[in-house]
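Q: Before anything else, here's the structure in question.
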Amino acid sequence: MEIDWKALNRHHKVRCGAHLLGFPALTLSLVPLIIVLLRPDVGRCWPDPCAAGCDPVRLLLLFVAGLCLVVVALSLIWFALPTRFVRVLRDSPERVVWLYVDDTDRRSTALVAGLDDGRGVRLEIGAFDRSLIDAIAARVPHASLGYSDQQLAIFASAPRRLRPNTRT
């Protein structure tokens, strides 16, 4: 099975609720813009906001709308960027020394990859998907698979020792 990195990244971010930020911000930005644009004296404050008769409420609404549009743009950019898990597995799978499924939370399942520098990266996968886990495990054949307290202790002290072909 070939891994679709974009779909995996999108699935993870949806599981984490990342898509929920953009929609309210877009709605919040449209409401003040519509209010400002429906007023008959729309051009009075532009380009000089200090002009006589300029409504400070209008300026505040424009500021809120602009701020919300910035949040929408940033959330769309962030949503398109790959997660650290996807970047590591796609670009440098040799860094992964340990791979296990974390299903301690009843609501979701995550795949955790321990890296050779002692840090871990996590990917929310939702429901247990054996084919996805097998495809990712095939990408890192040098990594130790599964979870145990002994593996956790080795990972905490010397992560590179988790590779099956490493002797120290």
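Q: Quick one: Karplus J couplings for segment 99-107, per residue in order, coefficients 6.51, -1.76, 1.60, θ = phi - 60°, nearest Hz, x for Gly and Pro?
A: So the Karplus estimates, Gly and Pro as x, are 9, 8, 9, 9, 10, 6, 8, 5, 8 Hz.
Q: Same structure again: Going by how many other beta carbons lie within 10 Å of each one, how would you line up 98, 78, 5, fewest first?
A: Lowest to highest Cβ neighbour count: 78, 5, 98.
Q: Here is a further query. For 131, 108, what ranking results if the residue with the fewest other Cβ atoms within 10 Å of its Cβ goes first? Each step should come with its number before you reach the end.
A: Details: 131 8, 108 14.
With the sparsest Cβ surroundings first, the list reads 131, 108.
Q: Next question. Label points 7 Å out from Cα along the Cβ direction at residue 74 and residue 138: separation in nm?
A: Rounded to a tenth, the inter-label distance reads 4.0 nm.
Q: Taking a ≥ b ≥ c as the square roots of the eigenvalues of the Cα gyration tensor of segment 84-162, is the shape rounded (a/c under 1.5), prolate (a/b larger than b/c) or oblate? If you can, show how the numbers build up before the last one.
A: Details: a/c = 1.74, a/b = 1.23, b/c = 1.42.
It is oblate, given that a/c is not under 1.5 and a/b is not larger than b/c.
Where a number appears in this text, it was derived from the coordinates with a stated rule and is not lab data. Here the structure is a predicted model, which means the values were calculated and not measured. Cβ coordinates were reconstructed from backbone atoms using ideal geometry, including for glycine residues, and neighbour counts include every protein chain displayed.
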